[in-house]
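Please read the structure below before turning to the comments.
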Amino acid sequence: MELVKATVDGLRRGQMVQSLAGRDQGQLYIIVGFLEDHLLLLANGRERPITRPKKKNIRHVKVLFWIDPSIEAKLNNGETVTDEEIRNSLNRRQEELEEGAMILG
């Protein structure tokens, strides 16, 4: 059996992830950059501002299939993204997830 190496291929800036390991387990983040082929730079606008992103191994996150298009565009164009924009994006998505759970439940 061949082991599959997890890499950042296919991930995009502005994409949401959830931490699976460490003290921040369960925390939502937005990808703001990449280091090497297996490290993500993550920000949440609070404990981890965009000026001091968290380095996290891709194996320690759950990739969520949700991307904030405005944050993605700004990051890809080299424009400044504020912590407030990141917080608002994460809060909006969290509210959408909770509303969906209430509808299903």
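Here are some notes:
- Condition check for residue 68: crowded, with 17+ Cβ neighbours inside 10 Å, under 24 Å from residue 96 (Cβ atoms), of a type outside the set (A, V, I, L, M) and in contact with a Ser or Thr (Cβ under 6 Å, 6 or more places away or on another chain): yes
- Qualifying residue in the range 54-67 (condition: of a type in the set (Lys, Arg), within 12 Å of residue 15 (Cβ to Cβ) and out of contact with any Pro (no Cβ under 7 Å at 6 or more places or on another chain)): yes
- Only residues that are in contact with a helix residue (DSSP H, G or I) (Cβ under 7 Å, 6 or more places away or on another chain) and either under 19 Å from residue 91 (Cα atoms) or outside any strand (DSSP E or B) (or both) were counted in the range 14-70, giving 18.
- Some residue of the range 21-30 being under 18 Å from residue 73 (Cα atoms), among the hydroxyl-bearing types (Ser, Thr, Tyr) and either in contact with a Lys or Arg (Cβ under 8 Å, 6 or more places away or on another chain) or modelled with pLDDT of 95 or more (or both): yes
- The residues in the range 5-20 that are out of contact with any Leu (no Cβ under 6 Å at 6 or more places or on another chain), surrounded by fewer than 17 Cβ atoms within 10 Å (Cβ to Cβ) and at pLDDT 90 or above can be counted, and the count is 3.
- Sole residue being among the charged types (D, E, K, R) and either surrounded by 12 or more Cβ atoms within 10 Å (Cβ to Cβ) or modelled with pLDDT under 90 (or both), chosen from 96, 84: 96
- Matching residues in the range 76-95 - criterion: being farther than 14 Å from residue 49 by Cα and within 13 Å of the chain's Cα centre (by Cα): 91, 93, 94
- Residue 50 being without any contact (Cβ under 8 Å) to a residue 40 or more places away in the chain, of a type outside the set (D, E, K, R), surrounded by 15 or more Cβ atoms within 10 Å (Cβ to Cβ) and more than 14 Å from residue 24 (Cβ to Cβ): yes
The values are calculated or read from the model by the stated rules, or taken from the named source; none is laboratory data. The model shown is predicted, which means the values in this text are computed figures rather than measured ones. Neighbour counts are summed over all protein chains in view; Cβ atoms, including those assigned to glycine, are modelled from backbone coordinates with ideal geometry.
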